[in-house]
Amino acid sequence: MRELPTGSVDLVFGSPPYENRRTYGIGFNLKGQAWVDWAVERYLECLRVCNGLVGWVVEGKQVQFRYTATPILLMADLHRAGVHLRKPPAYKRQGISGSGGPDWLRNDYEFVVCATNGGRLPWSNNTAMGHPPKCPPGGNPSHRKPNGERVNRESDGRVYQHGKHHERRPNGKRGTLRYKPPALSNPGNVIDCGAAGGGNMGHKLCHENEAPFSEKIAEFFIESFCPPGGLVLDPFAGSGTTLAVAQRLGRRYIGFDIRESQIELCRRRLAV
Ligand SMILES: C[S@@+](CC[C@H](N)C(=O)[O-])C[C@H]1O[C@@H](n2cnc3c(N)ncnc32)[C@H](O)[C@@H]1O
């Protein structure tokens, strides 16, 4: 990866080993702060090669009703190192159905730790995975200013003060505010990928890796954050989920994995 030029990749998307949950046949057994230190170094290298968004799907462990919080510790250390974090989306997927054991604090989502080198992304499409807006009844959508006052947003993007109609509206008239929903709205940052496992992951070969993610999460990030024809990097390619989706969506791709077996697996998955 050190051979890749600075800023040469449009999107980095992948998932590292989660502490010592699995050894991956390479004796991987870092946990707690040792895992965070290992991850920070690699995350910074991802940021170096990237001109857009870096997204890592990451989770910690729950041991004896105690959460290790390593995704949060990773974000804290990146933040303290001056990295421009973005709000982490949630990768939501349904595990094996059941009671969840004796604890109701289940593991229904994983963090996608996201960061950039600062400023606005050079390219993004926030409605690529959008849907028609689902507006509940109850009048114009609004939010509150720091002083608690309620404000509404008009179809021209301007904010009008609730209850005051002296502003001229986009149609040139004065009068009651009316909300015009866009055709597609931003899908939000809880990415529901449905059931995990079985035939729901997108490709049967993914199960030859110990911890694959769903093609749906890779699709979401590639469609939203890598321009058509752009370059996607997965530094922990595993079964090649990110790479296969990039190939299908007309993006170029680079993948790394420390194990020869996974490189071979990627080759099989990517063979068209
Ligand atoms: C969670 S899996 C990735 C699964 C992948 N997202 C998929 O859908 O198949 C993590 C991968 O990282 C690889 N790995 C572990 N340490 C690595 C390192 N230092 N450099 C590159 N790959 C590494 C492992 O071999 C494993 O295949």
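By the gyration tensor of its Cα atoms, with a ≥ b ≥ c the square roots of the eigenvalues, what is the shape of the range 191-272: rounded for a/c under 1.5, prolate for a/b over b/c, or oblate?
oblate
Please work out whether the range 52-105 counts as rounded, prolate or oblate from its C-alpha gyration tensor, where a ≥ b ≥ c are the square roots of the eigenvalues and a/c under 1.5 means rounded, while otherwise a/b larger than b/c means prolate and anything else oblate?
oblate
Could you go through the range 48-60 in sequence order and give the Karplus-derived ³J(HN,Hα) for each residue, using 6.51 cos²θ - 1.76 cosθ + 1.60 with θ = phi - 60°, rounded to whole Hz, and x for Gly and Pro?
4, 7, 9, 9, x, 9, 10, x, 10, 7, 9, 9, x
Please label the shape of the range 1-138 as rounded, prolate or oblate, based on the square roots a ≥ b ≥ c of the eigenvalues of the alpha-carbon gyration tensor (a/c under 1.5 means rounded; beyond that, a/b larger than b/c means prolate, else oblate).
oblate
Amide H of residue 115: which non-local residues (sequence gap of 5 or more, or other chain) have their own amide H closer than 5 Å, using H built in the peptide plane?
54, 86
Give the carbon-plus-sulfur fraction of the accessible surface of the range 1-94 in %, rounded to a whole number; probe 1.4 Å, heavy atoms of protein chains only. Present the calculation step by step, with values, prior to reporting the outcome.
On the way: 2410 of 4630 Å².
Exposed carbon and sulfur together represent 52 percent of the surface.
Considering only DSSP states other than H, G, I, E and B, which chymotrypsin sites (Phe, Trp or Tyr not before Pro) in the range 8-88 qualify as loop sites with at most 13 other Cβ atoms within 10 Å?
Answer by residue number: 65.
The values are calculated or read from the model by the stated rules, or taken from the named source; none is laboratory data. Please read all numbers here as calculations on a predicted model, not as lab measurements. Methodologically, a virtual Cβ is constructed for each residue, glycine included, from the backbone with ideal geometry; neighbour enumeration extends over all protein chains shown. Surface areas here come from the heavy atoms of the whole protein model, side chains and all, with no ligands, DNA or RNA. Shrake-Rupley method; radii C 1.70, N 1.55, O 1.52, S 1.80 Å.
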